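Report on the following structure.
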Amino acid sequence: FLDFVREMAGFVSVVTKGGNPMVLMLMTCMMLAPVLSTTTAPTTAPTAPTVAPTSSPTHDAPTSIFVWVAIGSGATLLMSWLFAYCFIKRYTDPTDSSSLVTVVGTLGISIMLFCVLIIPIDIYAVSYNLDQKTGVHLSTDMVKQAEDFLQICYYGLYCALMFFAFLLFPFAYFYFEEDSDEEAKSSRCCAALKYTTGFFVIFVVLIVLGAVIKIHGLNVAISDLPQDLSKNKAEQILYFTLGVLTMLGMTFWASYGSYGMAALPINMLRSAQIRGNCCCRNSGGMGGYSHALQANQENQRFLTARYDDASVTKWSKPDRLEYGKLKREERELKRQQEGGGSEESSGMLDRCWNFCAPCRMGLSLICFCLSLLVVVSMLLASLDRLLNSPCGIKCAYTLQDGPKLFHPIDKTLTALHKIFPLLDFILFGVIALYIFLASIAGLVSLGVRMCMWQLYSIKTRKSMAHALLMGAWMLMFVALVINFQVLTLAPQYAAFGTQFYVNKTTQKNTPCSFQVNVTEDTCTPTQVARFVTTLNYQLPFFGTVLLFANLVFCGAYLLFGICALIRARKPYEAVTPDRDALLWSDIE
């Protein structure tokens, strides 16, 4: 133990100098693993060599559950942070970049992504180390410990999402909305705080409504459900507030998510042909580059003359942004005029994308299959709930005895688990990640819109701070919706994983459900299933709205898919290629 303390002290001193809390959290979980495995083992005398290790399987296995859950959570958090940082850096305009945008955007997107990717870890925790004959957990205590740890993670993530949604993102947005010089940062902060107060007031109103709203007790007897919300005001406020935010997120989910899943596979197929035509056309038109370069330099001279050759830092913010864009366009046009063309001037990511051109068709086919699988599963699950729910609108059309219709994702994951136990968790994580990435694709394609009017566009290294902050704010609600939708996509698997129990009447292995009276060693529901089921039974209004919003999502997916197919047949008429525009959006 002293060696471990010294090792941790040295590690903390090194990491804190680098200032990377994500790496610190991950490495702490990894270094705690051997200590947890020794401290949770049964205590025996150190000088007792006669003790036979007969109970090692029952104690080593439970220890590894919590350890692997902790390590997996730390690794997932680190990967989420890396993705969020790369996303913000790739789309931020260098002339409009700021450490505030980088920090707030990176932390916000990493929390969203971690909120999505923690679901497979939750399912793994309840499905690990089962007796394949009886379905009994061989490690009940450690499963409960892992689930308690995940419950803290979920509640922490949900509280962090609300903190970012009502405070940090609005403050950062209004800070950059103020058009003032760099010397007036204090006035910009005061103005941002003044506008952020409005969001804080809305948050307080939601808290008050969540506290005063009357919630009746459970009207249906369900085993293993959390305590009644009417007896816990804190949880009641949390559930009510998240229900309201999820309803708001359904608008972004039904628009950006459906468009991204419909158009992304088609645009991936189309991008190869478009880039080829574009490169051929640009390579023969160097005169166009010269004319564009001359017009660009003329615009720069016009801006410079407006301020009598003063320093750029003393210009107004719109002129500084415009001047920065002109300088970047000038460098790009000079490289293309010197013979580099669009292929040679592309960055490392563009070159990797072009190198993978032969695999692009297979990748687009996989994306199309995933999109179709998600939409079909969502449609069948919604119809199953509407047709077979015994309690109707009183419980948001919840299926108490499990699904009745065929669910593709459920059956696919169960079959994969029989082939190889880890494939089902990997595929479910890929599906959840794909849904989130498809929503990002829809956001990049359509831009930040409000009631069909485009407010900001999101392009590679050309996005304003306002666009990234508002886009990340919308994606935060989408990540919350994905947490609610996992029980719609895979109602059986997302609730109980691969757990089962032996039916005393038929003596057959039967999938678990919430209305089965079994022992505490079997059928442990996931934390996300507890949360969604409790919300459906005690605040059924939100669950009912989300159910019908799923049907709207399926209709929007069909409509956007038809539009993408029609627009894909139009000839390409653009002049300058943009890989992100070709991939994420339809070319006008």
Which entries in the list Lys194/Lys233; Lys133/Lys411; Lys133/Lys231; Lys185/Lys462; Lys144/Lys411; Lys144/Lys504 go over 32 Å, if you measure between the two C-alpha atoms of each?
-> Lys133/Lys231
Using eta = 1.306 mPa s and T = 10 °C, Stokes-Einstein with Kirkwood Rh from Cα pairs puts D for the range 373-466, in µm² s⁻¹, at 96 µm²/s
Extent along principal axes [Cα atoms of the range 404-516; Å; largest to smallest] | 63, 29, 20
Where labels lie 7 Å past Cα in the beta-carbon direction, separation of Arg90 and Lys214 in nm | 5.3 nm
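Can you tell me the FRET efficiency between Val244 and Asp308 if r is taken as the Cβ-Cβ distance and R0 is 45 Å, rounded to the nearest 0.05?
Working: r = 53 Å, r/R0 = 1.18.
The calculated FRET efficiency here is 0.25.
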Would you please give the FRET efficiency between Ser187 and Gln151, computed as 1/(1 + (r/R0)^6) with r the Cβ-Cβ distance and R0 = 35 Å, to the nearest 0.05?
-> 0.20
What translational diffusion coefficient, in µm²/s and rounded to a whole number, does the Stokes-Einstein relation yield for the range 78-171 at 37 °C and a viscosity of 0.692 mPa s, taking the hydrodynamic radius as the Kirkwood radius over Cα pairs?
-> 212 µm²/s
Asn299-Leu383 FRET efficiency (beta carbon distance; Förster radius 56 Å; 0.05 resolution) | 0.45
Simple label model, 7 Å out from Cα along Cβ direction - Thr505 to Ile566, nm | 5.3 nm
Please report the Cα spread of the range 462-566 along all three principal axes, rounded to whole Å, starting with the longest.
-> 63, 33, 28
Relative packing of 130-143, 74-87, 195-208, which averages over residues the other C-beta atoms within 10 Å, highest first = 74-87, 130-143, 195-208
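Read-outs throughout are calculated quantities, based only on the coordinates presented, and are distinct from any laboratory measurement. Just so it is clear, the structure is predicted and the values come from calculations on it, not from any experiment. Quick reminder, even Gly has a Cβ in these numbers, built from the backbone with ideal geometry, and neighbours come from all protein chains shown.
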